[in-house]
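Comments concern the structure below.
Bear in mind that the values in this text are calculations on the coordinates, not laboratory data. These numbers were taken from a predicted model, which means no experiment stands behind them. Neighbour counts run over all protein chains shown; Cβ positions are idealised from the backbone, glycine included.
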Amino acid sequence: MAFVEEYDFIICGAGTAGPAVAARLAEDVTLSILLIEAGQDNVNLENTQMVGGWSLNFDGPHDWNLLSTPHPSTSNRTQKLSRGKFLGGSSAVNGTLMVRGMRQDYDDWEALGNPGWGSSQMWHYFNKSETFHSEPWFKEEEGMHGKCGPIHTSLHPNAPITEAVTKSFVDKGMPLVEDMFASGRTAVGVGHCTRSVWQGERSTGAQYLRDSFDPDKKWRHKNLNKVFGHTVSRVILDENSRAVGVETIVGDGREKKVFRCKKEIILSLGSYGSPKVLLLSGIGPKEDLYEVGIQPKIDLPGVGKNLEDHLTVFVFYEVKQGYTTDHLFHGSKFDKARDQWRRFRTGTLSRSHFGAFAFTRLDDRLRNHSLWNDELRKSQATTGRDPMGLLPNQPHVEYFTTERYAAPKHYANPPPEGKSAFANIIELFSPRSRGYVKLSTSDPKENPIIQHNWLSDPLDVLVYAEACKLGAEIALEGSGSKDLILGAWPPEDKHTEFNTLEEWEKYVRENATTCFHPSGTCKMGPVSDPGAVVDARLRVRGVGCLRIADCSIMPKLNNGHPQAVAYAIGEKCADMLKEDWRIDLRTAAKL
Ligand SMILES: Cc1cc2nc3c(=O)[nH]c(=O)nc-3n(C[C@H](O)[C@H](O)[C@H](O)COP(=O)(O)OP(=O)(O)OC[C@H]3O[C@@H](n4cnc5c(N)ncnc54)[C@H](O)[C@@H]3O)c2cc1C
């Protein structure tokens with residue numbers, strides 16, 4: 001082993017949650033902290049800052065290039081599971097949507113045996129991470145936004161198609177509650193979704209380390225060392241099962257390095273990365289480890305299990321001219337828009353292409369199905385909840401729309417010049433299907449096996465198909481959009497002619513794609529839960545001085561989008577480390 005360095009705390013993964021943990025710990029200037037990232041610093045990676053360039057980060061050296069294992073329930077399709085591989089991680093490549101989820105979601109986490117994770121604590125951390133820049137026209141809910149956190153958020157200027165579809169949502173029983181995605185109290189409504197964008201630049205986990213709006217782009221903390229291009233291959237345990245170091249592979253893999261740790265190691269490698277490194281370290285289900293020739297050190301059955309994700313299905317409509325932003329992308333206009341962004345941080349590439357956002361429940365529709373009613377009787381008798389595990393104050397589905405033809409890369413039918421299209425995207429919340437992450441080999445350079453099992457539970461398919469059917473009714477019958485829509489796009493898709501649920505079932509199996517929200521693979525839970533990997537203080541069971549802070553610890557995916565949650569998890573982890581190591585910043589400052 002080459003050169004050895006020693007730090008008080010080592011944080012692995014400089015994505016979304018990792019920088020939050022590192023920067024908050026570094027507030028105590030007496031501590032030495034190391035942050036390790038496999039990718040590079042994002043300071044010169046334009047497409048991590050120019051919001052409209054996000055998809056240009058995919059499928060290359062800055063993506064982990066993970067693939068899902070095909071499954072019959074989604075027509076044996078292999079899906080790309082993009083994750084950012086640079087400072088900022090997935091926060092630097094995402095859709096910038098800040099949809100916190102419902103207060104009930106976090107009260108559920110607490111009720112599952114995780115004290116300290118209820119809604120009031122989570123809202124404290126959501127606000128701590130945020131600086132919200134409001135607008136005079138916006139009805140902000142008091143106390144529901146942060147004013148001095150590192151992540152700058154703002155509102156999106158709606159295109160005419162968004163205003164039109166919002167009207168249609170209201171028509172179909174979803175009242176306008178402007179700030180509902182920050183307050184977490186509205187399960188049925190349409191509102192304005194805050195974005196992690198400000199002054200035309202994307203706000204990412206990197207903001208914790210360096211204010212990228214600062215023209216000098218200086219690092220903020222002198223006691224926080226960062227190493228890029230180091231892929232963590234394993235956590236080193238001593239004879240008492242205490243984590244004492246981290247081994248990394250440097251660059252192309254010819255060199256290895258070991259960093260020693262005096263206090264604690266925190267894994268923030270994301271929902272695919274954190275279980276992978278635990279398994280490579282001999283921490284996980286012993287049968288899975290034997291399968292790839294790794295000697296188990298701690299038999300922890302939950303590692304890599306309980307993989308939960310949200311699916312999205314894009315349903316495109318051709319619309320009359322003058323409502324979408326397609327015309328800004330035709331021909332050489334992308335280059336012009338990029339020049340505008342480079343010079344002024346304005347224009348269509350300074351914002352994401354999503355428009356209207358709504359939540360709803362589908363109880364009335366689902367009551368027509370014996371499959372639902374049979375499960376409902378059982379679930380209400382045992383848990384008091386519906387078959388998706390939800391209470392009436394939690395939505396079944398989210399609708400969000402695009403303001404032009406924009407979708408995952410395999411949708412390859414952009415309308416030609418003179419035509420316009422937008423998508424109604426249907427996102428299924430609280431799915432029952434679960435998948436797993438496991439190693440394919442003991443070689444840390446290989447990607448893991450990722451089996452999502454999306455739609456393998458028949459109730460997920462039923463709820464999803466009903467949600468799509470309602471989505472079509474909103475678009476085609478709602479007063480704002482009905483007269484604008486010219487038909488399905490592309491016309492041969494013919495979904496505007498669907499009459500039955502079976503047609504929508506087939507459509508979702510053939511078209512639904514990940515919303516890039518993997519979670520739960522190192523889930524948090526009490527000792528009584530054999531699937532729990534970390535306890536409520538995020539400590540890995542059976543191992544000393546090792547914690548996990550990222551979306552993998554979520555016991556249940558929020559009914560929303562997870563980036564705000566990742567920041568909150570990082571913030572809370574830092575506070576727990578400070579408490580457990582008795583780091584008092586007032587005392588530290590005097591030293
Ligand atoms: C395309 C896309 C769109 C999305 N859109 C939204 C959205 O609009 N709103 C929203 O709320 N959420 C969205 N998400 C999800 C959200 O961004 C993620 O859930 C969240 O950022 C995950 O945070 P994390 O800290 O768990 O992991 P990440 O941010 O992925 O961080 C993990 C970090 O660890 C590094 N790493 C991994 N393995 C190793 C290793 N072995 N050694 C060293 N470093 C390693 C990675 O490079 C990365 O920097 C989207 C995600 C994607 C990919």
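Condition check ((1) within 16 Å of the ligand (Cβ to nearest atom); (2) in contact (Cβ under 8 Å) with a residue 60 or more places away in the chain) across all residues:
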| position | (1), (2) |
| --- | --- |
| Ala206 | yes, yes |
| Arg220 | no, yes |
| Leu224 | yes, yes |
| Asp238 | no, no |
| Arg242 | no, yes |
| Arg260 | no, yes |
| Ser271 | yes, yes |
| Val277 | yes, yes |
| Ile283 | yes, yes |
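Could you grab me the full set of residues in segment 270-319 that are over 27 Å from the mean Cα position of the chain (by Cα) and either buried (at least 21 other Cβ atoms within 10 Å of the Cβ) or closer than 27 Å to His410 by Cβ (or both)?
Within segment 270-319, Leu289, Glu318, Val319 meet the criteria.
Of all residues in segment 69-86, which are in contact with a Gly (Cβ under 8 Å, 6 or more places away or on another chain) and either over 22 Å from Cys193 (Cβ atoms) or part of a loop (DSSP other than H, G, I, E, B) (or both)?
Within segment 69-86, Arg83, Lys85, Phe86 meet the criteria.
Quick check on this structure: which one of Ser90, Ser119, Ser134, Ser82 is polar (S, T, N, Q), under 22 Å from Gly191 (Cβ atoms) and in contact (Cβ under 8 Å) with a residue 24 or more places away in the chain?
The conditions single out Ser119.
Quickly run through segment 206-246 and pick out the residues that are small (Gly, Ala, Ser) and not in a loop (DSSP other than H, G, I, E, B).
Result: Ala206, Ser233, Ala243, Gly245.
What's the total number of residues in segment 108-148 that are of a type in the set (Asp, Glu), out of contact with any Asp or Glu (no Cβ under 6 Å at 6 or more places or on another chain), buried (at least 17 other Cβ atoms within 10 Å of the Cβ) and farther than 16 Å from His561 by Cβ?
2
Residues of segment 45-56 being touching a residue at least 60 places away in the same chain (Cβ under 8 Å) and either near the ligand (Cβ under 10 Å from one of its atoms) or hydrophobic (A, V, I, L, M, F, W, C) (or both), which ones?
Selection gives Met50, Val51, Trp54, Ser55.
Identify, from the list Glu466, Glu473, Glu502, Glu492, the residue that is of a type in the set (Asp, Glu) and either in a loop (DSSP other than H, G, I, E, B) or crowded, with 17+ Cβ neighbours inside 10 Å (or both).
Step by step, each of Glu466, Glu473, Glu502, Glu492 is checked, and only Glu466 is of a type in the set (Asp, Glu) and either in a loop (DSSP other than H, G, I, E, B) or crowded, with 17+ Cβ neighbours inside 10 Å (or both).
Could you tell me whether any residue of segment 103-119 is within 9 Å of the ligand (Cβ to nearest atom) and of a type in the set (A, V, I, L, M, F, W, C)?
No: segment 103-119 contains no residue that is within 9 Å of the ligand (Cβ to nearest atom) and of a type in the set (A, V, I, L, M, F, W, C).
Mind checking which pairs have a first residue in segment 313-325 that is under 14 Å from Lys469 (Cα atoms) and a second that is of a type outside the set (A, V, I, L, M) and assigned to a strand (DSSP E or B), Cβ under 6 Å, 6 or more apart or different chains?
Within 6 Å, the pairs are Val315/Asn424.
Within segment 60-76, identify whether any single residue is without any contact (Cβ under 8 Å) to a residue 12 or more places away in the chain, surrounded by fewer than 17 Cβ atoms within 10 Å (Cβ to Cβ) and within 16 Å of the ligand (Cβ to nearest atom), and answer yes or no.
Among the residues of segment 60-76, at least one is without any contact (Cβ under 8 Å) to a residue 12 or more places away in the chain, surrounded by fewer than 17 Cβ atoms within 10 Å (Cβ to Cβ) and within 16 Å of the ligand (Cβ to nearest atom), which makes the answer yes.
Given Val188, Val246, which one is among the hydrophobic types (A, V, I, L, M, F, W, C) and farther than 20 Å from Phe9 by Cα?
Val188
Can you confirm whether Glu375 is in contact (Cβ under 8 Å) with a residue 24 or more places away in the chain, of a type in the set (Asp, Glu) and in contact with a strand residue (DSSP E or B) (Cβ under 6 Å, 6 or more places away or on another chain)?
No.
If I filter segment 170-191 for residues that are on the phi < 0 side of the Ramachandran plot, within 15 Å of the ligand (Cβ to nearest atom) and basic (Lys, Arg), do I get at least one hit?
Scanning segment 170-191, I find no residue that is on the phi < 0 side of the Ramachandran plot, within 15 Å of the ligand (Cβ to nearest atom) and basic (Lys, Arg), so the answer is no.
How many residues, within segment 545-574, are closer than 19 Å to Thr514 by Cα, more than 8 Å from the ligand (Cβ to nearest atom) and hydroxyl-bearing (Ser, Thr, Tyr)?
0
Looking at (1) hydrophobic (A, V, I, L, M, F, W, C); (2) within 29 Å of Leu67 (Cα to Cα); (3) within 16 Å of the ligand (Cβ to nearest atom); (4) surrounded by 16 or more Cβ atoms within 10 Å (Cβ to Cβ), find the lone condition where Val250 falls short.
Evaluating Val250 over (1) hydrophobic (A, V, I, L, M, F, W, C); (2) within 29 Å of Leu67 (Cα to Cα); (3) within 16 Å of the ligand (Cβ to nearest atom); (4) surrounded by 16 or more Cβ atoms within 10 Å (Cβ to Cβ) leaves (4) as the failure.
Across segment 28-44, which residue is surrounded by the fewest Cβ atoms within 10 Å (Cβ to Cβ) among those that are away from the ligand (no atom under 12 Å from the Cβ) and not in a strand (DSSP E or B)?
Asn44
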